[in-house]
1. For residue 271, work out the one condition from (1) at pLDDT 95 or above; (2) over 22 Å from residue 232 (Cα atoms) it doesn't fulfil.
2. Filter segment 251-304 for residues that are β-branched (Val, Ile, Thr) and surrounded by 15 or more Cβ atoms within 10 Å (Cβ to Cβ) and give the result.
3. Scan (1) farther than 19 Å from residue 39 by Cα; (2) open to solvent by less than 50 Å² (accessible area, probe 1.4 Å); (3) touching a residue at least 40 places away in the same chain (Cβ under 8 Å) for the single condition residue 138 breaks and write down its number.
4. Consider residue 179 carefully, then state whether it is in a strand (DSSP E or B), β-branched (Val, Ile, Thr), in contact with a Lys or Arg (Cβ under 9 Å, 6 or more places away or on another chain) and under 18 Å from residue 43 (Cβ atoms).
5. Report yes if residue 154 is at pLDDT 95 or above, exposed (fewer than 15 other Cβ atoms within 10 Å of the Cβ) and among the aromatic types (Phe, Trp, Tyr), otherwise no.
6. Please enumerate the residues belonging to segment 141-164 that are of a type in the set (A, V, I, L, M, F, W, C) and farther than 30 Å from residue 36 by Cα.
7. Would a scan of segment 49-57 turn up a residue that is among the acidic types (Asp, Glu), at pLDDT 95 or above and surrounded by 12 or more Cβ atoms within 10 Å (Cβ to Cβ)?
8. Here's a check for you: in segment 291-306, which residue that is among the aliphatic types (A, V, I, L, M) and out of contact with any Ser or Thr (no Cβ under 7 Å at 6 or more places or on another chain) is nearest to residue 260 (Cα to Cα)?
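The values are calculated or read from the model by the stated rules, or taken from the named source; none is laboratory data. It should be emphasised that the depicted structure is a prediction, and the values quoted were computed from it without experimental measurement. Ideal geometry is used to build each Cβ from the backbone, glycine not excepted, and the neighbour counts take in all protein chains shown. Side chains are part of the model used for accessible areas, which takes the heavy atoms of the whole protein and leaves out ligands, DNA and RNA. Shrake-Rupley method; radii C 1.70, N 1.55, O 1.52, S 1.80 Å.
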Amino acid sequence: VGALVLTPQAAAIMEADGTAGLKKPFWQKLLGSDNPNPGKFEDIGSDSRKIFMLDSFEGMRFEYQRGLSNSFGVSHILHLQPAQDNYGTYDFSANFSQGKHLLLSRTQTNGDVLARYILTATPNLTVQFQSQLTKAPHQSNAILTADYKGGDWFGQLKVGSFAQWGLSYLQSVTKNLAVGVDLTYLGRPPFNQMPMCISTVAARYSTERMVALAQLTSNARIQAAYVQRVKDNLTFGTEFTFDLGSRESTCAAGYEYSTPQGSFKTNLSSDGKVTSTFEKQLSEVSAVVLSAEVDHGKKACKYGIGLQLLQ
């Protein structure tokens, strides 16, 4: 007697019949979905910040990074500028990374020391401790942050000096829409200021080629942004900010254009400020950066050139 051969179609039908009667638990239906993870609430406007928050500087800046081992590296940043009170600054950074641990530090010539420790406890939980020591009175601070990445949501908890604590939550409602809320409380602000509490609600709608964002804060401030990728190497963006208290508003438009010769970024705001940067990769270990900013309202301008070396 010949053996019976089970066809793939019959096997699929039998598997479907066997699992048809199985139901997911209630908690799995409540917490689980096919929506993507929206990321951190503080990064909800990262697409527009790439265009409207450019790293403009004045003078000449040299940055040299060197890896001393697979886990340890240092960097030197020398910034020379034509300022009356400060002609130049020097920053030294040392970074250490091994397994789940990441340690970052920076020391500046003005006496400020910044340190950050990041622990990736699990694939979903990250703990971060950051501190800053400065000579300025009532400015040294420290903050502890815990980030948890869910299936379709992201939560963050902060506790820091000055009786500070914060809580943020961002949820993917659909595959394209994410909504969230952020709450920050500062119980003992420096210089004997009154305690303050700021809450923010935000919504972001994104596709493969566009991002639309809207934010509303408790201090009566509305911000909206729209970023559209026209081509693979060309992106346009607009941004609008309105203060309900003072009735003042600003709007801006900008673009990012990438070519084999380099990357261009320019934005123009309604208050008369134009900012542009150009970055060109000279080789695998070197790059040059050009920066220009013209403020027609204040009748001021600044220009800068920078060089980055990696070894």
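1. Failed condition: (1).
2. Listed by number, the residues that qualify are 266, 274, 275, 277, 289, 294.
3. Going through the list (1) farther than 19 Å from residue 39 by Cα; (2) open to solvent by less than 50 Å² (accessible area, probe 1.4 Å); (3) touching a residue at least 40 places away in the same chain (Cβ under 8 Å), residue 138 breaks only (2).
4. Criteria met by residue 179.
5. Judged against the criteria, residue 154 is not a match.
6. Of everything in segment 141-164, those that are of a type in the set (A, V, I, L, M, F, W, C) and farther than 30 Å from residue 36 by Cα turn out to be 142, 162, 163.
7. Within segment 49-57, none of the residues are among the acidic types (Asp, Glu), at pLDDT 95 or above and surrounded by 12 or more Cβ atoms within 10 Å (Cβ to Cβ).
8. 305
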